[in-house]
Structures are given as structure tokens and as C-alpha cells.
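Worksheet for the structure shown next.
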Amino acid sequence: MAVHTSQSVAKAAGDDVARGRSRGTGNPPPPSRLRRALSVHWYAWTMVAPVVLVIGVIIGYPLVRGVWLSLTDADERNVARSIGVNQMPATYEFVGADNYVDALTGTQFLGTLGWTLVWTVSCVSITFCLGMVLANMLNRRFAGRSAYRMALILPWAIPGFVSVFAWRFLYNEDRGLLNKILGGAGVDGVPWLNDPTWAKFSVIAVNVWLGVPFMMVALLGGLQSIPSEQYEAAEMDGATPWQRFRHITLPGLRPVSTTVILLSTIWTFNMFPVIFLLTRGGPGEATQILVTQAYKFSFEISPRDFAQSSTWGVLILVLLMLFAVVYRRVLRTQGDNW
Amino acid sequence: MRRGITATALVAALALAATACGGDDKPEGGKSSGELSGTVTWWDTSTVGSEDKVFKKLAEGFEKKHPKVDVKYVNVPFGEAQNKFKNAAQAGAGAPDVIRSEVAWTPEFADLGYLAPLDGTSALKDQDDFLKQAAASTKYKDKTYAVPQVIDSMGVFYNKKIFKEAGVEVPASIADLKTVSKKIKDKTGKTGLYLRGDDAYWFLSFLYGEGGDLVDAADKAVTVDKPQGVKAFEVVKDLVDSGAAKTDATDGWENMQSSFKDGKVAMMINGPWAVADTLAGAEFADKANLGIAPVPAGTAGHGAPQGGHNLAVYAGSENLDASYAFVEYMTSVETQAQTAGELNLLPTRTSAYAKQQAVDSEIVGFFKPVVETAVERPWIPETGSLFAPLVTEYTKVLTGQTTPEKAASATGDSYRKLLKGWK
């Protein structure tokens, strides 16, 4: 609404100015750009002001402060504290890009980044493939379709931490249901969360389980928007089911799938609860992703290393922004209007 | 000054209250009223389901002595309490008045300025009565920041029934532990030892047993990466690899307790804090089935860590006077005797050991000499920080992700980063 109003006002105002000039009656010189923008768009600015203010407070300030902390040596012992009668001023200092140099030249950040990428790529690709299969299956008419749809959306409807805890019980090596079932079948128990490789597998499995409903629902919506005439025409031309999928369904889903892949990548990259609640990054540091490690710096080790934690946070932000830009570029070269 | 007078008045009032009537709470200093009021929030970290009930009852007993005080008992899981308290204390909101602070946390909290100094307040009473080892962790830079509540060490808990079935004796050394475990496995099919793999505190008795230590505070040197440290990592790795012990990288406490309580493992290394919970298990319906012995000796001898808990007062508390009095009450001889009797926890006051309840507890009797010879950690602010790097490497060793040598040197490196300027 606001945008619309301002545009029409701008046009009208522009006309005024033009008329004024053409008359040449010695009016004062045209107002400066800023003043004109203000006088013309004041209504729009007033309307967006609260939003700008709120965003500034809840996103802008923490972001700026995070970037600032990453350029200092702030930790738990040198930040300002005021506890009862004890007043302790801040004594941390500006250290420039030292934290970034340390992070990018050390092995810890790069090692964690490697596993974070493996985790993101495998989670997103498996979730997408499963979601696609399920969406296609549920797009057909069959008895009890809505019941199936409901059941598949269930993981999404349960609060994340509840399902992650449920999985943690299932994975328990001695008392967990999974190993009891395996034991019943005469198979040795699997150290789901105790062996580094199995732990990696286990966290990915849980994240896929949590992520499939979203993919499925989004793709199902996309499928329903593909006109059925296309399928009918293809069938007339003798296209096989695979050809129909390859040349109608996939291109038809493109706008939806590119969006969900981007979203899912960003979410998975920063999927804190699954890792934290299942393994806390363990065993050792086998399943530690960038965000859980940043959390560890800031809340679990002592003295809490706020500087390093914010450095990692800023690096995560930069990586995701780079990803979004590159992704958009690639899509644009392929003809999507993003 | 005002506080000083109130403090003395409180001590006097408490002494009177303890005798009988407690009617006269008029301070000798002539101040109008020394009666305590307001709310005291206490964060307890004792084991839920067993210890917490007793502590809650005891804490509420304070209200009987001071009817105007409202004690709010909150049980915070031990594993989370350190971080929760730091979050709340730093934010200046939501922190309790009194916290049960583990011995290694106390100097750290004090260093961060979160704790109120207790010297000259009513919280400290009969200071000479406290065991020396217990009082050591409450001092930081010549001030007292906490009052010792319980003291503990570790021992081997064993299931006598399984031992009888397998025909084995309690292992005295780690070599014995391996043969005993093997016999138990052969005869009963059960695992010998449960070794917690997700908490480095359980590694300490092996480290001390090999003659190693985390750091040497007197020398300002990191010692965990010395050959003894490497040896200790080798010992625990060998115990797990050989099948003598089983471990977990997550949920260690629950898994340890339930497998021991259900008789799936014959032994665990644990401390007095686990006794009440263990005795609630199916295998220990007959309490006599639980045996406790010193931790198996390494090549350098027995070496159990000395631990315990203190009660500390948050510096930002709005009700300091009542908090001091509460701390005094919770660490008094009577309270300690009661926890010794009901929970088999070890008192920190010498005189409490003479009380009947403490004398009657076999477990207190067993742990008393163990505590006296237990290895004390240096009470520097960083002591509480030494576990985070250690547990990562410890779990890595147990799950085969690194070698003992690499683990020891990685731990040493992070300690040197933490302790600037140490060797």
C-alpha cells in the first residue's frame, strides 16, 4: 500500500516541479534531493519507520555487536559485569582481524566446515529425493490418501526437541528400541551415537526424518499446480512415465524446488537442535557443526570465549550469504527470473 | 557496618533458636529487629529422585526456624548448573540467592565476581571445625566465598551377588580388574566395569593412579601430556578395547546407573552422591548386596580425586542476610549428620562424624579414610575449565578417534592456551 501511494504522489509532485520551472517566475531553486525525497515520500517513510526500528533493534544491534566482538579479545572474564556490589568494567581490547586469521588458518574451523558441508549436502539431497518420491506417490488418488498425508506430516507437527529426544532414546545402545529389535533378529547392537561414523549417520537420519514433511508438502503443492493437460498430451505422444517425470514434472516443479532447496540448505547448515540434543557434537567432536561449535565457545567452555564465538558466527553468515548469491547467479544463468 | 551488626545478631539469634525457644531475636547491638524475612532461592544440584527429596525437606526446615523466610527450592541438573548460574549471574537476572557450587566451580565463580565474600558474616560458623581439604576450595585470594557442604571421593561400587557367582574378589589393581572382568564375562556373561566415557571426572582416578596430574599449580606447569598422562589414556583405552569395561559417549550417567542397578554390569566407579540412587535399584533391594572398595590402583598406587560441594551466596542477592543464615543452617552439624544418615553423604565438619547417624553409615565409614588420602586439585579459577578440553580428547580416545599420545598432547596444548604463561 505504502509503495503504491508514494509512487502516485511522486508522479504528481514531479509534474508540479516541471510546471513550476517552465513558468520561470523566479521561484526559489528546487529543494535538495533529500528534502524532496522526504517531502514526497514522508508517508511511506512513516509507515515503514516502526519496522525499520524493530529490525534495527532486534537484528541490527546484535549483528553490529557480534561483528565488533569478533574484532576484540572479549571473554567471560573481561566483559563488563555488575553483580550486586561488585562493579567490573570491561577490559577487553580491539585485536583487529586476529580472530579471523586464527580461525581460517587453524585446523578446527576448516575441519568443522568440512563436516558441516557433508552434513548439509547429504541432508538436503536425501530429504529432497525422499520428499519428491513421497509427493509423487501422494499425488495419485488412492484410498486413505489424506490419512497418509497426515501421518507423513506428523514429524513436522511435533516440536523438534521432543522428536529429537525420542530419537535419542531409540538410539540408546543398551536400552534403546532399535538395538532391542536388532537383538531380537540376532544382530549385534549398533553403537548409534557412540561410534563416530555411526553417530554421523544417526544425526543425518534424524534430520532427514524431520525435514521430509516440509519438502513433501512444498513439492506436493508444486505438483498440483502443473496443468494435467501437459501429462495428457505427453501420454498421447507415447511418453513413458519416466519421460513424463523428467520433462514435465521436474521442469514444472522448478520454481518450488529451487526455493525449498535454498531454504533447506540454510536451515540444515544451521540446524542446531538436532546435533546439540542428540550428540552435543560428540563423540569427541565427530558431529560438531559450525553453529554448535560456536555455541560451545560461547556457553560451554570456560572462560567463555565470546570473541571466537562471534568470529565463527560472522563467518557462518558470510558463507551463507555467499551461497545465496552464487545460487541465485547460477539460477539466473539458467533462465530463472529471480 | 550495618551488615556486621546484623550478622553477629543473627549468629546469636541462631544459637538461641537452636537451644530451645528462639523467642528472643532482639539483637544485642540494640537494633530494633534481627528477624529474617523475604525469599531465599536455592539451586540444588543433588541427584533427582533420591537426594533431592531429603535436601528439599531440609531446606524447608529453615522456614520453621524463620517463619517469615520463604525458601524456594529449585533442583538444577548438575550437568547444567554451572552454565545456568553463569548465564543468570552475568545477565543480572534470574540467579538464585544460594547455589550449590561444585568445588572446582567455586574459585571460578569467585574470580568472575559472582559470589559474595562470606568472611565476617553469619554464614561462617566454627570455621575450625571444617575438614582442611573441604575448606580449601572455598578460599580465593584470601577471602572465603563458600561454605563446604559435602565432601566426596570415588570408589569401586560392586555387585556382591555377581562377584559370588563368578567366584572373584574385588580387584585391587588395574591388572586385577582386567582378569576379574574376564572371569565375570566368562562365568555370567555380564560386563565387568562400566566406565563413564562422557565425563572426564571419571578419568581422574586412572590419571592419578599412574602418577599423573592435570597441572602442577605450584610449578605453573601443565602435566597432563607427561608420559604418565599418556599412560593413563592407554589404560582406559585398553579397558574398553579389551572388553573389560563398557562405555558410552552420551547419556553416561543414566546408562551407568541403570546398567549397574539392573545387574548388567558388575562394577562401576562412583562416589557417595550415587549411593542413594543405586540403593533404589532392583539389584540392591537388599542393601547388603552393594559393596564399595577403593578404586583399582594404577602402577603408581591408588588415586581417587577429592571432590565435593559448597554452598555459595550470589553477590547480587537481594536478601543477603537470610541467605547467609540459610547457608549456615544447611552446613550445620545437625544438617550434615542428617544427610550422612539418610543419604550416606560425607560431612565436611569434623564434629558431624561423631554423630550417631554418621557413625551408623557404613558408606560414610568407608569413604572417610578415602577422602583423607584423595588427590586434591589446585583451587585456581581455571580448575573448572580443565574438563572441557579433557573430555573431548577422553571420549575421542575411548571411541578410537585418536591415539593416547595425540590426546594427551592436544589436551596439554589447550591447557597452555588457557593458562597463559604456564610451562
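The values are calculated or read from the model by the stated rules, or taken from the named source; none is laboratory data. If you're wondering where the values come from, they're calculated on a predicted model, not measured in any experiment. Positions of Cβ are generated from backbone atoms using ideal geometry, with glycine treated the same way; all protein chains shown enter the neighbour counts. Note: accessible area is taken over every heavy atom of the protein model, side chains too, but ligands, DNA and RNA are not part of it. Shrake-Rupley method; radii C 1.70, N 1.55, O 1.52, S 1.80 Å.
Values for this structure:
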read-out	value
Heavy-atom surface of the range B:108-180, accessible at 1.4 Å and reported per residue (Å²)	39 Å²
Cβ-based charge dipole, the protein assembly as shown, positive-most Cα from A:F299, A:I289, B:A410	A:I289
Where the range B:216-374 is the region considered: accessible area per residue in Å², 1.4 Å probe	33 Å²
The range B:329-423: Cα Rg divided by the 2.2 N^0.38 Å rule of thumb	1.57
Positive-end extreme of charge dipole, the range B:221-304 - chosen from B:V240, B:V265, B:I292 (charges on Cβ)	B:I292
Accessible surface ranking that places the most exposed of A:R329, A:R175, B:R349 first, with a 1.4 angstrom probe	A:R329, A:R175, B:R349
Estimated inter-spin distance, A:T197 and B:E372, nm [label 7 Å along Cα→Cβ]	5.3 nm
Cross-link table B:K132/B:K396; B:K53/B:K355; A:K296/B:K160; B:K231/B:K423; B:K84/B:K231, entries beyond 30 Å C-alpha to C-alpha	B:K132/B:K396; A:K296/B:K160; B:K84/B:K231
Stokes-Einstein diffusion coefficient of the range B:96-230, Kirkwood radius over Cα pairs, 20 °C, 1.002 mPa s, in µm²/s	116 µm²/s
Computed over the range A:106-300, Cα set: Rg, Dmax in Å	19.7, 64
Under the span-like rule (Cα at least 20 Å along the axis, Kyte-Doolittle mean at least 0.5), DSSP H helices of chain A	A:33-55, A:107-138, A:196-224, A:250-269, A:306-333
Most fluctuating residue given options A:Q288, A:Q108, A:Q224, as computed from a GNM of chain A linking Cα atoms under 10 Å	A:Q224
Once the Cα gyration tensor of chain A is diagonalised, semi-axes √(5λ) in Å	45, 38, 18
Lysines whose Cα lies under 20 Å from that of B:K139, excluding same-chain neighbours fewer than 8 positions away	B:K86, B:K125, B:K220
Base-10 log of normalised Debye intensity for the protein assembly as shown (one unit scatterer per alpha-carbon) at q = 0.06, 0.11 Å⁻¹	-0.50, -1.28
Span from the the range B:63-117 Cα centroid across to the the range A:129-176 one, whole angstrom	42 Å
Residues along the range B:284-318 losing 30 Å² or more of accessible surface when the other protein chains are present rather than the chain by itself (probe 1.4 Å)	B:A315
Inter-chain Cβ neighbour average for residues B:241-247, partner chain, 10 Å	1
Under 12 Å, Cβ to Cβ, from B:S242 - net charge with Lys/Arg +1 and Asp/Glu -1	+2
Shielded by partner chains, the range A:159-184 residues - at least 10 Å² of accessible area, 1.4 Å probe, vs chain alone	A:R168, A:N172, A:E173, A:D174, A:R175
Area hidden from solvent between A and B (accessible, protein heavy atoms only, 1.4 Å, total, Å²)	2600 Å²
Nearest-0.05 FRET efficiency for A:A143 and B:E334, computed from C-beta distance (R0 51 Å)	0.10
Sequence of B:K161, B:K396 from largest to smallest accessible area, 1.4 Å probe	B:K161, B:K396
Residues losing 40 Å² or more accessible surface upon assembly, the range A:294-338, compared with the chain by itself, 1.4 Å	A:S302, A:R304
Long-range amide H partners of B:V40 with built H, under 5 Å	B:D70, B:V71, B:K72
Amide H partners (placed H, <5 Å) of B:I292, local residues excluded	B:Y158
Computed label-point distance, nm, for sites A:L34 and B:T350 using a 7 Å Cα→Cβ extension	7.8 nm
Long-range HN-HN contacts of A:I83 with modeled amide H, under 5 Å	A:M88
Value at 222 nm in deg cm²/dmol, rounded to 500, when DSSP H runs of n ≥ 4 in the protein assembly as shown each add -39,500 (n - 2.57)	-17000 deg cm²/dmol
Shielding score for A:143-149, defined as the mean number of other chain Cβ atoms within 10 Å	0
Solvent-accessible area of A:F272 with every protein chain in place, 1.4 Å probe, in Å² to the nearest 10	60 Å²
Estimated dipole of the range A:106-300 in Debye, rounded to 20 [Cβ of Lys and Arg +1, of Asp and Glu -1, Cα centre]	300 debye
Carbon/sulfur fraction of accessible area - the range A:106-300, other protein chains in place, 1.4 Å, %	68 percent
Cα radius of gyration and Dmax for chain B (Å)	22.3, 75
The range A:239-280 versus the range B:149-190: alpha-carbon centroid distance in Å	53 Å
Å² per residue, accessible surface of the range A:106-300 at 1.4 Å	49 Å²
With all protein chains modelled, accessible area of A:H247 [1.4 Å, Å²]	120 Å²
Spin-label pair A:R332/A:T91, simplified geometry with 7 Å Cα→Cβ offset, distance in nm	5.1 nm
Column: log10 I(q)/I(0), Debye, Cα scatterers of the range A:214-338, q = 0.14, 0.22 Å⁻¹	-0.78, -1.21
Accessible-area composition of chain B, carbon plus sulfur, in percent [1.4 Å probe]	52 percent
Local net charge near A:D73, Cβ-Cβ under 14 Å (Lys/Arg +1, Asp/Glu -1)	-2
Accessible surface of B:K185 - all protein chains present, 1.4 Å probe, nearest 10 Å²	90 Å²
For residues of B:85-95, the mean tally of beta carbons on other chains within 10 Å	2
Check: the range B:178-223 dipole with +1 on Lys, Arg Cβ and -1 on Asp, Glu Cβ, in debye	600 debye
